[in-house]
Amino acid sequence: MMQLVINSYGAFLHKYQKTFRVKVKDRQFRFSPKKVDSILLTTGTSFSTDAVELAIEHNIDFIFLDKHGDPYARIWRPKMGSTAAIRRKQLELSETPAGYQSIMEIIGKKFSSQISLLKTLKRARKGESVAILEKAIQGLEEIRKKLKAANPEMAQISKTLRGLEGSAGRIYFGALSKILPGKYQFDGRSRDPAADYFNCLLNYGYGMLYGMVERACILAGLDPHVGLLHTDNYNKKSFVFDMIEPFRPYVDETVVKLITTRQVKQVYFEKIPDGYTLNQAGKELLIPAVNDFFEESIRYQGRNIKRKHTIQYECHRIANTWLNREEEPDVNVVEMQELVEG
C-alpha cells in the first residue's frame, strides 16, 4: 500500500479501465487501486470524477495540499469509520481529568520520540555537536519528568501542558538548528510562510503527515474535530493536531537527513513576501523522501511494522482504551479497512 502523490504541474488523474492513470505531458503512469491507500494532489494538478468514484469504491481518500504543503480539503467516503460510541466517549472526555490524562500520554510519547531522534543524531556526530545534543536530551528528560509529575485534575493543567510543550520545543529545535550547516540554521518554528529553508521543508512534510493522521483517526472511529488540548474552533480539526504530535519527529528526521547529506539545494526554494515556499524541484525531493521513510519497517511495541502503521496503531490503541477494550490494535491497514467496511 502506498500514498500516490501527484505534484507535477499540469498532471491529470483519471480512471482507465479498472486502474488510476496519471498523464504528465507526454508520459503516462498506471496504478492499481489495490496498491493505493490515499491520493495526495498539490497545486496545479487536476482529476476526473470517475477517478473519485474508483477511489471511493476502494476506500481511498483524496487529500489536497496548498503551495505551503498544508491540507485544505479532503474527499472521503460518506460513512463513519467505526461505532459512534467512540465519538461519544471522546466528547465526554473533552476538558476532563481523564481526557487530560490521555493527552498527557500523547505528549509524553512526543517527548520520547524527540529524545530518541536526538540520541540517534548524537551517535553519528563528533565534537561540539555531541555536547549540544546531550544538553538538549537532558533538558527534555527533565521536562518529561515534570510531565509525569503533573496532576491531570489541577485547575491550570491545560496551561501547564502547553507550557511544557513550548519549553521542550525551544530546547529541541534549538539543538537541531545548531547541528545544521550555517545557511540552514533557523530561529525557532515559523509557519505561513516559513521564515527559512528548514521550516519550509518541515511545514510541507507536516502537511503530508497531517493527512496520514487524519485518515488514521477516521479509520479508528475518532472524531478529528474534537480536541483534548487544542482549542475547538470552527472547521478546525483539533484532535488531529493533538494526535499528530508523537509523529512529527519522523518528518524532522527526514528533513535533517536531507540537509546533512547535502541533498537540499537553495534553488529548491522561492522567496515570497516574509518568507519562502518550496518549488516543484523541492517537492520532488521531499515528497518521495518522506514517503520512503514512512514505508521503512521499525521495531514498535514489540513487533516489526512500517512507520506509517504506527500512526494507525496509536489511534486504534487510544480508541480501545476509551472503550475499555483489551485487544491489541491491528497494524495491517488493509485488514482494518475490511473490518470497518464489514
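The values are calculated or read from the model by the stated rules, or taken from the named source; none is laboratory data. The model shown is predicted, which means the values in this text are computed figures rather than measured ones. With ideal geometry, Cβ positions are generated from the backbone for all residues, glycine too; neighbour counts draw on all protein chains shown.
In the stretch 116-132, the residues that are in contact (Cβ under 8 Å) with a residue 40 or more places away in the chain reach residues that are acidic (Asp, Glu) and surrounded by 13 or more Cβ atoms within 10 Å (Cβ to Cβ) with C-beta atoms within less than 9 angstrom, at least six apart or across chains, in these pairs: Leu117/Asp252; Leu117/Glu253; Leu118/Glu134; Thr120/Glu253; Leu121/Glu253.
Filtering the stretch 1-14 to residues that are in contact with a Gly (Cβ under 9 Å, 6 or more places away or on another chain) and in a strand (DSSP E or B) leaves only Gln3.
When the stretch 158-184 is limited to residues that are touching a helix residue (DSSP H, G or I) at 6+ places or on another chain (Cβ under 8 Å) and within 15 Å of Leu202 (Cα to Cα), the one that is surrounded by the most Cβ atoms within 10 Å (Cβ to Cβ) turns out to be Leu176. Gly302: surrounded by fewer than 18 Cβ atoms within 10 Å (Cβ to Cβ) and small (Gly, Ala, Ser), yes or no? So Gly302 fits the description; yes.
Residues in the stretch 28-58 that are assigned to a loop (DSSP other than H, G, I, E, B), of a type in the set (S, T, N, Q) and over 19 Å from Asn291 (Cβ atoms): Ser48 alone. Number of residues in the stretch 14-54 that are in contact (Cβ under 8 Å) with a residue 12 or more places away in the chain and out of contact with any Ser or Thr (no Cβ under 9 Å at 6 or more places or on another chain) equals 18. Of everything in the stretch 216-261 that is of a type in the set (Phe, Trp, Tyr) and surrounded by fewer than 20 Cβ atoms within 10 Å (Cβ to Cβ), the residue that is modelled with the lowest pLDDT is Tyr234. For the stretch 15-27, filtered to residues that are assigned to a strand (DSSP E or B) and not aromatic (Phe, Trp, Tyr), the residue that is surrounded by the fewest Cβ atoms within 10 Å (Cβ to Cβ) is Arg27.
Scanning the stretch 67-81 for residues that are in contact (Cβ under 8 Å) with a residue 60 or more places away in the chain and at negative phi yields Lys67, His68, Asp70, Pro71, Arg74, Trp76, Met80, Gly81.
Every residue, every condition in (1) in the same structural domain as Ser38 (by TED's automatic domain parsing); (2) closer than 30 Å to Val5 by Cα; (3) surrounded by fewer than 20 Cβ atoms within 10 Å (Cβ to Cβ), yes or no:
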residue	(1), (2), (3)
Arg125	no, no, yes
Asp187	no, no, yes
Arg191	no, yes, yes
Ala194	no, yes, no
Phe198	no, yes, no
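Give just the number: which of (1) surrounded by 18 or more Cβ atoms within 10 Å (Cβ to Cβ); (2) in a loop (DSSP other than H, G, I, E, B) does Asn324 not satisfy? For Asn324, the failing item is (1). If you go through the stretch 261-306 and keep only what is touching a Phe, Trp or Tyr at 6+ places or on another chain (Cβ under 8 Å), of a type in the set (Lys, Arg) and part of a strand (DSSP E or B), you end up with just Lys306. Only a single item in (1) within 23 Å of Gln114 (Cβ to Cβ); (2) of a type in the set (D, E, K, R); (3) assigned to a loop (DSSP other than H, G, I, E, B) is not met by Asp252, and it is number (3). What is the one condition in (1) in the same structural domain as Asp192 (by TED's automatic domain parsing); (2) on the phi > 0 side of the Ramachandran plot; (3) buried (at least 16 other Cβ atoms within 10 Å of the Cβ) that Asn59 does not satisfy? So the condition that Asn59 fails would be (1).
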